[in-house]
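Written out below as structure tokens is the structure these notes cover.
Readers should treat all values here as calculations from the given coordinates under stated rules, not as data from a laboratory. Model, not experiment: these values are computed from the prediction. Here the Cβ positions follow ideal geometry from the backbone for every residue, glycine too, while neighbour counts run over all protein chains shown.
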Amino acid sequence: MTVTIHWRGWQKHRILGWTSQVLFVAGCLALGFCALVYLDAEFYQAYTNWRFDRLPSLGSAATLTPPPALRVLAAEGSPLSRMAIPRLELSLMVSEGIRPHTLARAAGHIPGTAFPDEPGNVGIAGHRDTFFRKLSQIHRDDLITLTTPVGSYRYSVEWTRVVAPDDVAVLGPSQSAVLTLVTCYPFTYVGPAPQRFIVRARRLE
């Protein structure tokens, strides 16, 4: 009887030991993966910023040709513009598309919405826990600038709103030139957030 109890106790202790080791390794792998994702995003932002600064001036007086439309230049995952919100000290690259890999590295231009050099509603999405974290502090009349290879466009924030995930009306066409930023909400929510935070800004002429 005593031998059986000791054997079961040894087995239980061994199982707990193995379990703790497996959990420790899993935790280390998860932290390592998160670190790789973060470093990849940092490298992508730094590299695309550097490359963006060295792009030729399209449609300049020297070439005497009109710049190509951004829609022609855009490709999934490629840098589209640099977005800056000076009051929030926020500057980040915006890439074309909203696939998971694209949004892990940058904010993403939402397909089907206008491009900055076009009239209409320009939609840009970003993760609330990375690139768009500072949007929780945005105010009315804050200035937002989109710098692209074909020109720079300034916007002034008009309003913010919290909507349901299926409320896509905020991304609908607009007769005037506007910018719509989309991220998940609440900003401090753990796990998939149940709502969306919207920032609407109008383009300044």
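For trypsin sites (Lys or Arg not before Pro), the sites in the stretch 131-205 that DSSP calls loop and that have at most 16 other Cβ atoms within 10 Å are Arg140.
Database remark: amide H of Phe132 closer than 5 angstrom to the amide H of His127 (H placed geometrically; neighbours at sequence offset of 5 or more, or on other chains; Pro and chain starts carry no H). Got a sec to turn the phi values of the stretch 156-162 into Karplus ³J(HN,Hα) couplings, 6.51 cos²θ - 1.76 cosθ + 1.60 with θ = phi - 60°, whole Hz, x for Gly and Pro? Each residue of the stretch 156-162 in turn: 10, 5, 9, 7, 10, 7, 10 Hz. Computed from point charges on the beta carbon alone (+1 for Lys and Arg, -1 for Asp and Glu), the dipole magnitude for the stretch 135-205 about its Cα centre is near 60 Debye.
Judged by the ratio a/c of the largest to the smallest principal axis of the C-alpha gyration tensor, the stretch 70-203 counts as rounded, that ratio being less than 1.5.
The 3J(HN,Hα) values that the Karplus relation (6.51, -1.76, 1.60; θ = phi - 60°) gives for the stretch 101-111 are, in residue order, 5, 5, 6, 6, 10, 7, 6, x, 6, 7, x Hz. Gly and Pro appear as x. I need the calculated FRET efficiency for the pair Ala164 and Arg202, taking r as the beta carbon distance and R₀ as 30 Å, to the nearest 0.05. Working from the Cβ atoms, E equals 0.80. Annotation: amide H-H contacts under 5 Å for Ser95 (H modelled 1.01 Å from N, sequence separation of 5 or more, or interchain): Leu80, Ala107, Gly108, His109. Note that the stretch 188-205 has calculated 3J(HN,Hα) couplings of 9, 5, 9, x, x, 6, x, 9, 10, 9, 10, 10, 10, 10, 9, 6, 8, 7 Hz, one per residue in order, obtained from phi through the Karplus relation 6.51 cos²θ - 1.76 cosθ + 1.60 (θ = phi - 60°); glycine and proline are x.
When Phe187, Phe197 are arranged by Cβ crowding within 10 Å, least crowded first, meaning fewest neighbours, the order is Phe187, Phe197. Proximity of backbone amide H atoms, modeled 1.01 Å from N, is registered between Ser174 and Asn121 at under 5 Å, excluding neighbours fewer than 5 places apart on the same chain.
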